[in-house]
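Since every read-out is calculated from the coordinates, none of them should be taken as a lab result. Given the structure is predicted, the values throughout are model-derived calculations rather than measurements. All Cβ positions, glycine included, derive from the backbone under ideal geometry; neighbour counts span all protein chains shown.
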Amino acid sequence: MRSKPYLGAALSSAQLRSERSSNMSGMFCCWLLFLCQVWSLHAASLDTLAQQSSIYYQHVPSELSLERVEQLTDVHSLKLIVHGFLGSRSHISIMPLRNAYQAQGFEHVLIADWSPAANLDYPSSRRAVGRVALVLAKQLEQFLERHNVSEEAVHIVGHSLGAHIAGRIGRYFNGTVGRVTGLDPALPLFTARSDDGLRASAAMFVDVIHTDYPLFGDLMPRGTADFYVNFGRAPQPGCEEVDLLAASKLILQAYSCSHNRAVLFYAESIGLPRNFASIPCSWKAIRSSSSCLKGLAAFDLNSTAIELAIGNMDDGQVVYMGEQVTRSATSYYFLETNAAPPFGQGVHAKFD
Ligand SMILES: *[C@@H]1O[C@H](CO)[C@@H](O)[C@H](O)[C@H]1NC(C)=O
Ligand SMILES: *[C@@H]1O[C@H](CO)[C@@H](O)[C@H](O)[C@H]1NC(C)=O
Ligand SMILES: *[C@@H]1O[C@H](CO)[C@@H](O)[C@H](O)[C@H]1NC(C)=O
């Protein structure tokens, strides 16, 4: 935030002067004007950067801008992927999603690129969330109209700050979008009250995967169903050493192994939909990272029954995390993962 230093300088020198000046209110107005100018200039440049956001249709072997997509018919499912802070449409943090969708034959995959506003300092990028979402939402709206695609067919998948953008796009459509998936929604500078934060009202169904609390990720429930993988905390299994390295460079180099695990889990689930069996868990147990097995009775479940259902891949009994998430899922779920791919434990899932 370029305006911060100005703010500090303005206040301290205003205070100094006010000791000498009897006309304090006049001085105050003068500084206020100056501050407003700085802020609005800054807001204007953020606006310009947000305006440069765009959506691209993934088409083998290359991509198309939305205007160049020929008339589509009978689109029953449309994916829109939104990258996070420091990302772009070809960034390594979201490529696994595109690759997995294409490998599984999903035809209509869009990727949003908001790199001009994503590659600033974090507070500025975070402030751009609402503006970027508005720009992208309008482009998406036009595309849906042109190709006669219903909002219900749309699934927006966002990582990190992109998860909040996904949610804000969903709210532009007044919650009529079929599904929004938040992959480790960004924590810094978001609170429960943030107007532009991801919420369950963003779509008809909102699923959230938490993996990096308390670094870049959030424990706060933000979806219809929230999945707390390994209690949603860093370091995720297999990330212990990498996270430690990343933590020392936290601000400069926003890569976190645990933060990106949410993407890798999700990408894996696109090819292996029954790989991430989860169990319902109380908020209290999630908060304190204490066993979710003990509380199963509160959900009319016991470990024998759960193990049996997971062994049978019974998705009527088991809530699976990921692409083919169980749509009846609501509230909080817990699961463990392996330290290396395949991350999901499939029929061998354990929950201690
Ligand atoms: C648009 O799609 C709906 C169903 O999704 C269909 O009933 C309608 O005929 C379509 N309209 C056009 C112009 O293709
Ligand atoms: C959302 O609701 C508002 C208020 O009812 C309406 O003006 C707006 O057009 C709606 N947005 C969409 C995309 O339908
Ligand atoms: C576990 O639940 C199943 C099905 O609800 C039930 O048949 C079984 O008796 C329960 N087992 C124990 C040990 O409570």
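Data for the structure
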{"quantity": "For Gly217, distant residues with modelled amide H under 5 Å away", "calculated": "Leu187, Asp212"}
{"quantity": "Built amide H within the under 5 Å cut-off of Val319, gap 5+", "calculated": "Ser278"}
{"quantity": "Extent along principal axes [Cα atoms of the stretch 136-247; Å; largest to smallest]", "calculated": "49, 26, 21"}
{"quantity": "Point-to-point label distance, Ala43-Asp121, nm (Cα→Cβ direction, 7 Å offset)", "calculated": "1.9 nm"}
{"quantity": "Residue-wise HN-Hα coupling along the stretch 225-233, computed from phi with Karplus coefficients 6.51, -1.76, 1.60 (Hz; x: Gly, Pro)", "calculated": "10, 10, 9, 9, 7, 6, 6, x, 10"}
{"quantity": "Extension gain, Gln52 back to Ala339 (0.36 nm per residue minus Cα-Cα distance, nm)", "calculated": "99.5 nm"}
{"quantity": "DSSP-loop GluC sites (Glu not before Pro) across the stretch 62-139, with at most 13 other Cβ within 10 angstrom", "calculated": "Glu70"}
{"quantity": "Table column - 3J(HN,Hα) (Hz), the stretch 145-155, Karplus curve with 6.51, -1.76, 1.60, x for Gly and Pro", "calculated": "5, 5, 9, 6, 9, 7, 4, 5, 7, 8, 10"}
{"quantity": "Most positive-pole-ward Cα, Thr326, Ala305, Pro342, against dipole of the stretch 198-352 from beta carbon charges", "calculated": "Thr326"}
